[in-house]
Amino acid sequence: MNPILLYLLIFVIKVFEVSLATLRIVLITKDERLKGAFIGFFEVIIWVLVVSAVLSDITEDPFKIVVYAFGFAVGNYVGSKLENYLAIGNTNIEAICHKNHGAKLVKALRDTGLAVTVVDAQGMKDKREILYMHVPRKKVTPLIKLIRELQEDIVITIHDIKPVYGGYRNHRK
């Protein structure tokens, strides 16, 4: 086989394999173990095939190691971008706002169909409200934009979470 074609093949397949590995890890951490195991099966088959191609005549063509390592590095980047695009799972968003702005913000958020839990709090100088929302990760960016449009002086934290059981919107039963 043409060496350049072999290098390209090793690189592309390694990028694909590591991207699968990234998705597998994310799925397992999100309690999607069966899907993660399914991906892992094919990931290992691909890995064995790529490694055997790299190790074949390695002393005569050590550049395959560099191509393999570069494919691994790029695969990590591509896998993380792919996972971010797919936005698997749910997120807990916590917004701390001034007490006198809370009711208006909560109403606007609930009008979009969100379940919002409100807790009274005390800030350093005044009363606050903490708003808790569990949302699919795909909806985080537009939701943050909406919150910031409605309330400028607000503190927002975002936490990835495992599956949610119960509540207004049953994510899992």
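Secondary-structure-derived ellipticity at 222 nm for the chain, considering helices only, amounts to -19500 deg cm²/dmol, per-run term -39500 (n - 2.57) for DSSP H runs with n ≥ 4. Among 132, 85, the order of accessible area from largest down is 85, 132, computed with a 1.4 Å probe on protein heavy atoms.
Rolling a 1.4 Å probe over the heavy atoms of the protein chains gives region 1-97 an accessible area of 59 Å² per residue.
The phi-based Karplus calculation (6.51 cos²θ - 1.76 cosθ + 1.60; θ = phi - 60°) puts the 3J(HN,Hα) values of region 136-153 at x, 4, 5, 9, 5, 4, x, 5, 4, 4, 4, 4, 5, 5, 7, 8, 6, 8 Hz, whole numbers, x for Gly and Pro. If you count only protein heavy atoms and use a 1.4 Å probe, how large is the accessible surface of residue 32, to the nearest 10 Å²? Per-residue accessible area (residue 32): approximately 50 Å². Mind telling me which of 16, 70, 41 comes out most flexible in a GNM of the chain, alpha-carbon contacts under 10 Å? Among 16, 70, 41, the largest GNM mean-square fluctuation belongs to 41. Which residue, 23, 49, 131, has the most motion in a Gaussian network model of the chain that connects Cα atoms within less than 10 Å? The residue with the greatest mean-square fluctuation here is 49. Entry note, the chain: relative contact order of 24 percent, from Cα contacts under 8 Å with a spacing of 6+ residues.
Computed from Cα atoms, the angle from the helix 3-29 axis to the main principal axis of the chain rounds to 30 degrees.
Ordered by 1.4 Å accessible area with all protein chains kept, 1, 133 run largest first as 1, 133.
Taking a point 7 Å from the Cα of residue 70 along the Cα-to-Cβ direction, the residues of region 1-21 with backbone N closer than 18 Å to it are 2-19.
Using alpha-carbon pairs under 8 Å, 6+ residues apart, how would you state the relative contact order of region 10-105 in percent?
Once divided by the residue count of region 10-105, the mean separation gives 44 percent.
Relative to the longest principal axis of the chain, what angle (0 to 90°, nearest 10) does the C-alpha long axis of helix 99-111 take? Computed tilt is about 60 degrees. Values (1) 57, 18, 12; (2) 47, 17, 11; (3) 41, 30, 15 are given for comparison; semi-axes √(5λ) of the Cα gyration tensor in Å, derived from the coordinates here, is the one labelled (2).
Filter the cross-link list 99/162; 104/127; 107/145; 104/145 down to pairs whose alpha-carbon distance in this structure exceeds 20 Å.
99/162
Largest mean-square fluctuation among 58, 144, 130, in a Gaussian network model of the chain whose springs join Cα atoms under 10 Å apart, belongs to 58. Surface composition of region 1-160: carbon and sulfur atoms hold 66% of the protein heavy-atom accessible area at a 1.4 Å probe.
The values are calculated or read from the model by the stated rules, or taken from the named source; none is laboratory data. Remember, predicted model here, so these are calculated numbers, not experimental data. All Cβ positions, glycine included, derive from the backbone under ideal geometry; neighbour counts span all protein chains shown. These accessible areas exclude ligands, DNA and RNA; they are computed on the full protein's heavy atoms, side chains included. Shrake-Rupley method; radii C 1.70, N 1.55, O 1.52, S 1.80 Å.
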